[in-house]
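Okay, structure first, notes after.
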Amino acid sequence: MNSNTTTPPIKRVLVLTAVLLVVSITILLSINPISQDPAYHNFADTRRVTLLPNAWNILSNLPFLIIGGYGFVYCTKNRQLYAPQSWPVFFAGIGLVAVGSAYYHWAPNNTSLVWDRIPMTIAFMALFVALLSEAINTQIEKLYLIPALAVGVFSVIYWRLSGDLRFYGLIQFFPLMVIPIFSWFIPTKYTHRIYLLYGLGFYASAKIFELYEPLAKHSAFK
C-alpha cells in the first residue's frame, strides 16, 4: 500500500534518525579536524598490466559499471517506483564510481581522489532520499533530491579546500547508518529489502579492507 500519511511508527523513526544526526554532528564537531592520511594512497597491489598501472585496482571497478548501468536502465524503465528519481540517480552514481575510481587508481593522490569520492556522495545521498521517499512521502524526493546531492558534492569540495574530512565522513556514513533503522522499524513497500542490509555488510567489509590495505603493502604483492 502506498500511503502518504505519516504513521506513529514513522514519526518515532524520524525522531530517532534526527537524534542520531544531532549526535553524529556533535561528535564530529567535538573532535579535531581529520586530515587525509598520505598512506591511504599506498595500495598493496601496484602491478602493471600492459598500459594499466595499478591494473587490478582499476579493473576491479568493472562490477560497479555493470551493476550501475543495469540498475539505471531498469529504474528508468520502471517509473512506478516510489522513488522514481532517486533510484536512477543512485545507480548512476554507482556507475560513475567505476569511472572516478579508475581515474583515481591510475594515479592515486588527493586531487584524483576527488573524482572517486564525488560519485560516492551522489550514490549515498540518492539512497538516503530514496529511503525517505519510500518510507514517508513520495513527494520528498522532488523537494530534497537536488539539495541533498549538492550537499554531498560540497562535502568533497570542502575536504579538498580545507583538508578536513569530518563533513565528508558524515555524508558517507550517516545514510548508511539509517538503513538498519528504516529496515527494522518501517514496513517495506517492496520485497527483498534485506538486500540493502547485505549491501551494507559488504560496504562495511570493504571499509575494513581499505583501512588495513596500507599495512599489506610489503606483503604478498610486490
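The values are calculated or read from the model by the stated rules, or taken from the named source; none is laboratory data. Quick caveat, the model's predicted, so the values are computed rather than measured. Glycine gets a Cβ as well: all are built from the backbone with ideal geometry, and neighbour counts include every protein chain shown.
General remarks:
- So TYR203, is it surrounded by fewer than 20 Cβ atoms within 10 Å (Cβ to Cβ), under 15 Å from the mean Cα position of the chain (by Cα) and modelled with pLDDT under 95: yes
- Single match in LEU170, LEU127, LEU176, LEU132 (criterion: modelled with pLDDT under 90 and under 20 Å from GLY201 (Cα atoms)): LEU176
A quick yes/no check of all residues on (1) part of a helix (DSSP H, G or I); (2) surrounded by fewer than 20 Cβ atoms within 10 Å (Cβ to Cβ); (3) touching a residue at least 40 places away in the same chain (Cβ under 8 Å):
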{"position": "ASP116", "(1), (2), (3)": "yes, no, no"}
{"position": "THR121", "(1), (2), (3)": "yes, no, yes"}
{"position": "LEU132", "(1), (2), (3)": "yes, no, no"}
{"position": "THR138", "(1), (2), (3)": "no, yes, yes"}
{"position": "ALA148", "(1), (2), (3)": "yes, no, no"}
{"position": "VAL156", "(1), (2), (3)": "yes, no, yes"}
{"position": "LEU161", "(1), (2), (3)": "yes, yes, no"}
{"position": "LEU170", "(1), (2), (3)": "yes, yes, yes"}
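Every residue, every condition in (1) at pLDDT 95 or above; (2) within 20 Å of LEU196 (Cβ to Cβ); (3) not β-branched (Val, Ile, Thr), yes or no:
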| position | (1), (2), (3) |
| --- | --- |
| ASN54 | no, no, yes |
| ASN57 | no, no, yes |
| GLN85 | no, yes, yes |
| GLY100 | yes, no, yes |
| PRO108 | no, no, yes |
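- Any hit, segment 53-66, residues being of a type in the set (Val, Ile, Thr), surrounded by 15 or more Cβ atoms within 10 Å (Cβ to Cβ) and assigned to a helix (DSSP H, G or I): yes
- Lone unmet requirement of (1) touching a Phe, Trp or Tyr at 6+ places or on another chain (Cβ under 9 Å); (2) closer than 26 Å to SER30 by Cβ; (3) assigned to a helix (DSSP H, G or I) for ILE181: (1)
- Meets criteria (in contact with a helix residue (DSSP H, G or I) (Cβ under 7 Å, 6 or more places away or on another chain) and surrounded by fewer than 16 Cβ atoms within 10 Å (Cβ to Cβ)) for THR50: no
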